[in-house]
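The values are calculated or read from the model by the stated rules, or taken from the named source; none is laboratory data. Source: prediction; values computed, not measured. With ideal geometry, Cβ positions are generated from the backbone for all residues, glycine too; neighbour counts draw on all protein chains shown.
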Amino acid sequence: MLGNPDDIIDDYLPENGNTGYRVSRYDLDLQYKVTTNRLAGTAIITATAKAHLARLQLDLAPTMSVTQVLVNGARARHTHRKGKLTVTPTTPVPPGGALSVKVRYAGNPRPIRGRWGEVGWEELTAGSLCANQPNGAPSWFPCDDHPVSKASYRIAITTDSPFSVVANGVLTEKRTKAAQTRWVFEQTEPMTTYLASIQIGQYETVSLAKSPVPVDLVAPRALRAQARARFEPQVQMLDLFTRLFGPYPFPRYTAVVTEDPLDIPLEAQGFSTFGANHCEPANDAERLVAHELAHQWFGNSVTLARWKDIWLHEGFACYAEWLWSEHSGGRSADEWAHHYYAKLAASRGRRPLTDPGPDLMFEDWVYKRGALTLHALRLRIGDESFFALLRHWTDKYRYGSVSTEDFTTLAAGHSSQALGDLWQAWLREPALPPFPLRS
């Protein structure tokens, strides 16, 4: 399902997301000057009214200044305060009516500061990146910033010619004129706003695989050899995950390595971004490479409808790390489960997995407990049923929005025994249950 059919604001991010309409497409035409960090853009947002719309709102950071708004071709009044662009069409749009909102804007983008640190558009030493999760997308384009608001995208960006651009989807056009190059990407598979991303740097592209899924590495020349050694295993990872999780959901996959170090890798639809530090031999990069790749299935294709269910992203991606380790000759998934169970048992985290609260949603209590929940399920129903369930999950909800209830309901059809006690203990109880035993 696309857009926000329930018209409900997320409790974890009550200042983001909007009601009254459903977006189906974003057309972004951007110009970016690297040396001055100056972004100018025109965004055309295609949507359908779900209610009588005498006015509507979009999320857009205060660092962006709006110069003009058109609704269905006519100038519209607008105000822009506290991260909300409020638009009043000349003529109200009736329920079911087509809605085209054109916004011209410009500014010096910078990350949005909040309880999760700084997220959004970020300058690098030579270039920039987007790290949007969970609410950074409005730092660089006007949007309905709600996880269930999925749409197709066209992202066109013109920037200085020494720089390369990576964005979501497939590159359909690249044209250089004078000292500027225009890059155009088409993202046809529905995508939520926090996964929209642009990476700009002085990069070179290395092809790691051409089929069955093209896999590329994009990195600075000085890091190319080192990065290739670290990221070549993702070709084998993709093969394993395709067998375990089902077909890869997008046309290609790219790993971007920045010249700058990054604290953590960044996920986006169709690619992931890593720092130069993730190329260092002592860095635990292989685990992170597996984690970010797994998000293409769990998080990017199959996406939570509410942030309280983030274990459906992070628990699954963490479990994929363990599966890769098991497959590649490292610790087994069961050994990793025992390892992290001991860590969680010694921690102070005590919140239900299905509603950890916004302060804990990016903590190990969610990530590792989510993986342990999947391990408990695997031990209960057996490998054949467990992996059949994962493939059914990624197929049934491909490009869709999901809840924990969707997963538990689907799991019931892959189990010969009731699972209510498992879900109660692992998903709903604050305390950590005893370590799971094989049935």
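When T159 is tested against (1) over 11 Å from A196 (Cα atoms); (2) buried (at least 24 other Cβ atoms within 10 Å of the Cβ), just one condition goes unmet, and that condition is (2). Applying the selection to segment 393-410, what residues are of a type in the set (A, V, I, L, M, F, W, C) and more than 16 Å from G315 (Cα to Cα)? Within segment 393-410, just L410 meets the criteria. When Y12 is tested against (1) over 24 Å from P358 (Cβ atoms); (2) part of a loop (DSSP other than H, G, I, E, B); (3) aromatic (F, W, Y), just one condition goes unmet, and that condition is (1).
Tell me, which strands (runs of 3 or more DSSP E) wholly within segment 26-105 include 2 or more residues that are small (G, A, S)? Walk me through it before giving the result.
Values: elements: 38-49, 56-59, 64-71, 77-81, 84-88.
Where strands (runs of 3 or more DSSP E) fall fully within segment 26-105 and carry at least 2 residues being small (G, A, S), they are 38-49.
Return yes when A106 is under 24 Å from N168 (Cα atoms) and either in the same structural domain as D309 (by TED's automatic domain parsing) or touching a residue at least 24 places away in the same chain (Cβ under 8 Å) (or both) and no when it is not. Criteria met by A106. The numbered conditions (1) over 22 Å from A255 (Cα atoms); (2) modelled with pLDDT under 95 are all true for P147 except (2). Are any residues in segment 301-328 in contact (Cβ under 8 Å) with a residue 40 or more places away in the chain and under 24 Å from P14 (Cβ atoms), and if so, which ones? Of everything in segment 301-328, those that are in contact (Cβ under 8 Å) with a residue 40 or more places away in the chain and under 24 Å from P14 (Cβ atoms) turn out to be T303, L304, A305, R306, W307, K308, D309, I310, W311, L312, E314.
The residues of segment 223-261 that are in contact with a Ser or Thr (Cβ under 7 Å, 6 or more places away or on another chain) and either over 27 Å from K396 (Cβ atoms) or among the polar types (S, T, N, Q) (or both), listed by number, are A255, V256, T258, E259, D260.
Filtered by the rule that a residue be more than 18 Å from G41 (Cα to Cα) and over 19 Å from the mean Cα position of the chain (by Cα), segment 176-207 gives T176, K177, A178, A179, G201, Q202, Y203, E204, T205, V206, S207. Scanning segment 72-88 turns up at least one residue that is surrounded by 19 or more Cβ atoms within 10 Å (Cβ to Cβ), in contact with a helix residue (DSSP H, G or I) (Cβ under 7 Å, 6 or more places away or on another chain) and assigned by TED's automatic domain parsing to the domain that holds N37. With respect to the stated conditions, E259 fails to be touching a residue at least 40 places away in the same chain (Cβ under 8 Å) and in contact with a Gly (Cβ under 6 Å, 6 or more places away or on another chain).
With respect to the stated conditions, S139 fails to be surrounded by fewer than 22 Cβ atoms within 10 Å (Cβ to Cβ) and touching a Phe, Trp or Tyr at 6+ places or on another chain (Cβ under 6 Å).
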